[in-house]
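Below: one structure, written as structure tokens.
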């Protein structure tokens, strides 16, 4: 395991801005380098709400997972594109409500893998927390690996939390989502959010991110976001700013998401 972690650490490029580390910086974390901070600051100069978006995205995760683990009775979660561990991760929220909850995290970033294997630990004796080294461009491989932990005859909450904006082609993004959702049974849920083209400042921020040398992030229209949930039953309030989903007092954020059930 130590040798494996050394190999992963060797793949980390501190001088190249990296999506997970930039996001960690915006959230107030410490797992980032100067190149990440410079890229993050460049975006924040033209779109200061990016820091608010990062914080609000964690609030959306907590509210969505709490609803699913509680009211909806979901005990299995497939969190694809996990990012760096922070406070109130999916397994911590779910297992605080259902001690037997089973969570599979998916990412293929070397820094994320190093941290996840050290920090993403079970919080209850009854629960299961596992990690899959996988790329969301290969959903069938993710599902195959997840079968080792999750029971695909029972409902699963599939989560794409702000990660599919890195997929340039929208139809490919939709295909990734639908291929995973096709693999889970009736009664499963999709939780998905991404940044949206709902203001000039957020668009300028997206341009600054690309100029910094980081992987570009492609904002979606509201119609595009809504189409990701076709054939599913939206949980109220439907597609909404992530800051206002089950929080009517939340500020407007240029990021929209929803929770929807597979009939």
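The values are calculated or read from the model by the stated rules, or taken from the named source; none is laboratory data. Model, not experiment: these values are computed from the prediction. We place every Cβ from the backbone using ideal geometry, glycine too, and count neighbours over all the protein chains shown.
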Q. Do you know which residues across segment 58-92 are out of contact with any helix residue (DSSP H, G or I) (no Cβ under 6 Å at 6 or more places or on another chain), modelled with pLDDT of 95 or more and crowded, with 22+ Cβ neighbours inside 10 Å?
A. 61, 64, 68, 75, 76, 80
Q | Residue satisfying condition, being closer than 24 Å to residue 165 by Cβ and part of a helix (DSSP H, G or I), within set 55, 104 | A | 55
Q: State whether the residues of segment 78-100 include one that is assigned to a helix (DSSP H, G or I) and within 14 Å of the chain's Cα centre (by Cα).
A: yes
Q. What are the residues in segment 115-129 that are surrounded by 15 or more Cβ atoms within 10 Å (Cβ to Cβ) and either part of a loop (DSSP other than H, G, I, E, B) or at pLDDT below 75 (or both), if any?
A. 115, 116, 117, 120, 122, 123, 124, 127
Q) Out of segment 93-106, which residues are buried (at least 22 other Cβ atoms within 10 Å of the Cβ) and out of contact with any helix residue (DSSP H, G or I) (no Cβ under 7 Å at 6 or more places or on another chain)? A) 95, 102
(Q) without any contact (Cβ under 8 Å) to a residue 24 or more places away in the chain, surrounded by fewer than 16 Cβ atoms within 10 Å (Cβ to Cβ) and more than 19 Å from the chain's Cα centre (by Cα): which single residue out of 211, 200, 204 fits that description? (A) 200
Q) Within segment 198-219, how many residues are under 24 Å from residue 36 (Cβ atoms) and touching a strand residue (DSSP E or B) at 6+ places or on another chain (Cβ under 9 Å)? A) 6
Q. What do you reckon, is residue 180 touching a helix residue (DSSP H, G or I) at 6+ places or on another chain (Cβ under 7 Å), part of a helix (DSSP H, G or I) and over 21 Å from residue 64 (Cβ atoms)?
A. no
**Q.** Subset of segment 21-48 that is closer than 19 Å to residue 257 by Cβ and modelled with pLDDT under 95 - its residue that is surrounded by the fewest Cβ atoms within 10 Å (Cβ to Cβ)
**A.** 27
Q.
Here are the criteria: (1) more than 22 Å from residue 54 (Cβ to Cβ); (2) in contact (Cβ under 8 Å) with a residue 12 or more places away in the chain; (3) surrounded by fewer than 18 Cβ atoms within 10 Å (Cβ to Cβ); (4) under 18 Å from the mean Cα position of the chain (by Cα). Tell me which single one residue 178 does not satisfy.
A. (2)
Q: Provide a single number: the residues in segment 211-246 that are part of a helix (DSSP H, G or I) and under 21 Å from residue 171 (Cα atoms).
A: 6
